[in-house]
Structure formats: C-alpha cells, structure tokens
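Rule-based calculations on the coordinates, nothing more; no lab input. These numbers come from a predicted model, not from an experiment. Virtual Cβ from ideal backbone geometry, glycine too; neighbours counted across all protein chains shown.
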Amino acid sequence: MPKTSNDINQHVSATYSATIHKIGRSAGRRGESLAARIEEGAAGLVAFAEGLSDAEWHTPVSATDQRSVGVVVHHVASMYPIEIDLARAVASGRSVSDVTWEVVAQLNAKHAQDNAQVSKSAALELLRENSREAAATVRGFTDQELDNAAPFSLSFGAPVTAQFVIEDHAMRHSWHHLAAIRKALGR
C-alpha cells in the first residue's frame, strides 16, 4: 500500500500507464466481428455436415475435386491454424512469400491422402476445436494489427492487410467449401 503522496502518485501513474497499455492492446470490435464470422461459418458447416448420411460423407465434391465431402470438412478444420499463422505474420508486418498456390495444392493433396478415411465425428470435433481457437486468436488482434499490411504470396505479392488475410482465408474458407458441398449433394 502506498504510504506517501509521492508513493500514491507513482502508484497512480503506474496503474494509469498499465491501463492505457492494456486498452491500446485490447481487441477492438473489428476483431470481435471477424471472430464471430469465423464461428458462424464453422457452425454452419458443422450443422450441415452433422446431418449427412455415410454415403454423402464419402461423395466426391466435384469432378475436378475428387476429395470426399468428409475430407473437405476435415481440410477446413485443419487449415485454421495455418491461416491464422499467416494472418499473424502479416499483422506483425512480416511478408509471406513461401506460401504459393502450388504449395497449397501439394498440402491439400497430402492432406487428402492422409485423411481419406476420416470419420465424421473426428472431423467435426477438429472443426469445432480449431475454429474456436482461430476465433479466440482473432479476438486478440488490435485494430492496428488488422490494418498492418505486408506482401502476401497468395495475393501475388500484393501488400494486403491482416484483416484481408483473415477474411479471405480463415473466415471465408468454411463458407466456400460449404457452398461446394451443397452443390455436390444437390442441396
């Protein structure tokens, strides 16, 4: 407990500085909004996939994408940590140059091979867990971090913002694949 007016002033000053620093680092409404949309997209994919029959779970997504619906659901779940790491890199001002569409295609092919027999329960649990963790991380982004831009190889080296990376990857991914799955199943 502070004993003198000088001690009190130092305590108040230190508390004020810590509070201002904390406020400056706290997530804004944009981080919360992005996180909520990640959760919404994942919840929509989970809700749809929960009602699939075994035959539907094993249906190829398209003539050009022979991955099964189940593999694609698991793929969405598996990509959240990578997508969030990319957003973190851009948020900190680091360029991303080693992630190309060729690398993504190779990663997707290996994932499909390694997870060809993924169960619905395992895929949905991973989707719930990884989307929850992705949303929690995005909630921690400050507006300044969301506004930071850096060259991003998946956008042909264009300097995009961390918010764009989140929206175009972690947020959009579940919506994109749910639309493809619905089309494949005629629903």
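In the chain, helical runs assigned H by DSSP with n ≥ 4 each contribute -39500 (n - 2.57); averaged across all residues and rounded to the nearest 500, the mean residue ellipticity at 222 nm is -22000 deg cm²/dmol. Region 122-177 and region 74-102 have Cα centres spaced 8 Å apart. In this entry, region 28-185 is assigned a mean projected area of 8.5 nm², taken as a quarter of its C-alpha convex hull surface.
Please state the relative contact order of the chain as a whole percent: Cα pairs under 8 Å, 6+ residues apart? It would help to have the intermediate numbers written out before the result.
Details: 230 pairs, mean separation 66.0, N = 187.
So the answer I get is 35 percent.
Just subtract the alpha-carbon distance of SER92 and ALA116 from 0.36 nm times their residue separation and send over the number in nm, one decimal.
Using 0.36 nm per residue and subtracting the Cα-Cα distance, I get 5.1 nm.
How do GLU50, GLU83 line up, fewest other C-beta atoms within 10 Å first? Let's see the in-between values first.
Numbers: GLU50 10, GLU83 21.
Placing the least packed residue first, the sequence is GLU50, GLU83.
Quick one: if the Förster radius is 25 Å, what FRET efficiency do VAL99 and ARG132 give, using the C-beta to C-beta distance and rounding to 0.05? It comes to 0.60.
Take the Cα of PHE156, step 7 Å toward its Cβ, do the same at ARG172, and the gap between the two points is 1.4 nm.
Note on LEU185 and HIS58: the extension gain reaches 44.6 nm, defined as 0.36 nm multiplied by sequence separation minus the Cα-Cα distance.
If you take the square roots of the eigenvalues of the alpha-carbon gyration tensor of region 131-184 and sort them as a ≥ b ≥ c, do you get rounded (a/c under 1.5), prolate (a/b over b/c) or oblate? Verdict is oblate for region 131-184.
Comparing TRP175, TRP101, TRP57 in a Gaussian network model of the chain (Cα springs below 10 Å), the most mobile by mean-square fluctuation is TRP101. For the pair ILE82 and ALA47, the difference between a 0.36 nm per residue extended length and the Cα-Cα distance amounts to 10.3 nm.
For PHE141, the amide hydrogen comes within under 5 Å of no other amide hydrogen, counting only partners 5 or more places away or on other chains and with H modelled in the peptide plane.
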